[in-house]
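The values are calculated or read from the model by the stated rules, or taken from the named source; none is laboratory data. Not measured: the values here are computed from a predicted model. Cβ atoms come from the backbone with ideal geometry, glycine included; neighbour counts cover every protein chain shown. Keep in mind that these areas ignore ligands, DNA and RNA; they rest on the heavy atoms of the full protein, side chains included. Shrake-Rupley method; radii C 1.70, N 1.55, O 1.52, S 1.80 Å.
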Amino acid sequence: MLLDFTVFYFWFSRHPLAAFFHLFFRINAIVTYLFCYWFSTSFVGCFLTIIVLLSCDFWSVKNVTGRLLVGLQWFNQIDKDGRSQWVFEAKKALVIAGIVLQATNLYGFVQCKVGGQPGIPVPAASSPGQQFPQRVG
């Protein structure tokens, strides 16, 4: 299933090299997070490696893959008064999808905050997120 998605992702992309780097930094950051302690016991080394990979991901999405794959554009425009303004342009369908996803996220947050019950359900109590402080500490 994953191999089919990967082949589909690269085969139908107009910019396969940009698509590769779009996934490369993210996947490497996740793999580094999961397996870093097998190769190193240094928390600082693992932390810095993950931060560098995520910074490279942010830069590539902001400057290269975002522009080539989905039409995002960031540029600096200087007015006649000499003021610098950053301009962000995106396709309308992408903006609408972003608004819908943010609204869904907000709705879920409000439901958890307002409609939540005082106890933590048993499946959530044994989630990997609950085990993270034990792993770091």
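Checking each residue in the stretch 56-108 for being open to solvent by 60 Å² or more (accessible area, probe 1.4 Å) and acidic (D, E) picks out D81, E89. Being of a type in the set (S, T, N, Q) and either under 25 Å from G71 (Cβ atoms) or open to solvent by 70 Å² or more (accessible area, probe 1.4 Å) (or both) is the filter; apply it to the stretch 8-55 and report the residue that is farthest from the chain's Cα centre (by Cα). By that ranking, first place goes to T41.
In a residue-by-residue description of the stretch 124-131, the property of being assigned to a helix (DSSP H, G or I), at pLDDT below 85 and either surrounded by 12 or more Cβ atoms within 10 Å (Cβ to Cβ) or of a type in the set (A, V, I, L, M, F, W, C) (or both) applies to at least one position. Restricting attention to the stretch 86-123 and to residues that are more than 30 Å from R67 (Cα to Cα) and part of a loop (DSSP other than H, G, I, E, B), the residue that is modelled with the highest pLDDT turns out to be G115.
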